[in-house]
1. Using the Kyte-Doolittle scale, find the helices of the chain whose mean hydropathy is at least -1.0 and whose Cα atoms extend 30 Å or more along the helix's long axis, counting only whole DSSP H runs.
2. Once every DSSP H run of n ≥ 4 in the chain is given -39500 (n - 2.57) and the sum is divided by its residues, what mean residue ellipticity at 222 nm do you get, rounded to the nearest 500 deg cm²/dmol?
3. On the accessible surface of segment 1-89, probed at 1.4 Å, how many percent belong to carbon and sulfur atoms?
4. List the aspartates and glutamates whose Cα sits under 13 Å from the Cα of residue 168, skipping any in the same chain fewer than 8 residues away.
5. What whole-number value in Å² describes the accessible area per residue of the chain for a 1.4 Å probe?
6. Scaled to the compact-protein estimate 2.2 N^0.38 Å, what is the alpha-carbon radius of gyration of the chain, rounded to two decimal places?
7. At a Förster distance of 41 Å, what's the computed FRET efficiency of residue 89 paired with residue 5, Cβ-Cβ distance as r, to 0.05?
8. With springs only between Cα atoms under 10 Å, which of 47, 130, 196 fluctuates most in a Gaussian network model of the chain?
Amino acid sequence: IKRGSLAVGALPGELSQLVSSLLLDYHRSHPHILVKVVSSDDVAERILRSELDLAITILPVEDERITEIPLYDEELCLVVSSGHPLAARDEADMDEIRDLPFILFPQNYRCREQMDLACRAEGIHITPVIETDSAMSIINLVEEQAGISILSRTLLNLAHNDKIKILKLNAPALHRKIGVIHHRDRYTGFAAREFIELLHRGAEVSSLPDRTIPTSTEL
């Protein structure tokens, strides 16, 4: 029987939701391993301070002391209620959404920072009508037509909500790489290796477009 503990970090929002969605499967396979999940914006710093065994974050992480394991590439998408006028379409231009009410993560979230950068690149400034750190609250508010949002494909696939419509946004900056990080000089134990393998499988199940899943030999 494998015993031990594992501290896993994730950026707040959709990546934290992805990690949480895998906890039950991990517990069923390894019931004697205690898993602690930490949602934090400073996962890389916590890795370096040995507070976390591994973390899932946006790549690259610019620190030679950290090892990166790519999981997948993904895009940020526009999400509207199924009753919204844009729901009849499959894609939209950034200029079309500049004056619409937005529901977004707070400004210090990496997903929000990336969206703001993409908007500035297109000469657009978006002021949200609601900000919340709850991914599910954003989706529920969009479903109730309180506004629209820009969220990751990962989160939207996890939601499985047929009352919203996902649209491709024609903005090159709205793509990112997701991966696992750990300390280069620390041994990656059994518990961590098994969780990384589960993250690979979770990425595959999510059916993310243009993803790149490394083989187990790359771990």
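The values are calculated or read from the model by the stated rules, or taken from the named source; none is laboratory data. Everything quoted here is computed from the prediction, not taken from an experiment. Positions of Cβ are generated from backbone atoms using ideal geometry, with glycine treated the same way; all protein chains shown enter the neighbour counts. Side chains included, ligands, DNA and RNA excluded: accessible areas come from the protein's heavy atoms. Shrake-Rupley method; radii C 1.70, N 1.55, O 1.52, S 1.80 Å.
1. Details: long enough: none.
Correct list, ordered by number: empty.
2. Numbers: 7 runs with 65 residues, N = 219.
Theoretical 222 nm ellipticity from helices: -8500 deg cm²/dmol.
3. Details: 2010 of 4140 Å².
Percent of accessible area from carbon and sulfur atoms in segment 1-89: 48.
4. Within reach: 74, 75, 90, 91, 93, 96.
5. Working: 10770 Å² over 219 residues.
Accessible surface, normalised per residue, equals 49 Å².
6. Values: Rg = 17.9 Å, N = 219, 2.2 N^0.38 = 17.1 Å.
The value comes to 1.05.
7. Numbers: r = 48 Å, r/R0 = 1.17.
That gives a FRET efficiency of 0.30.
8. 130
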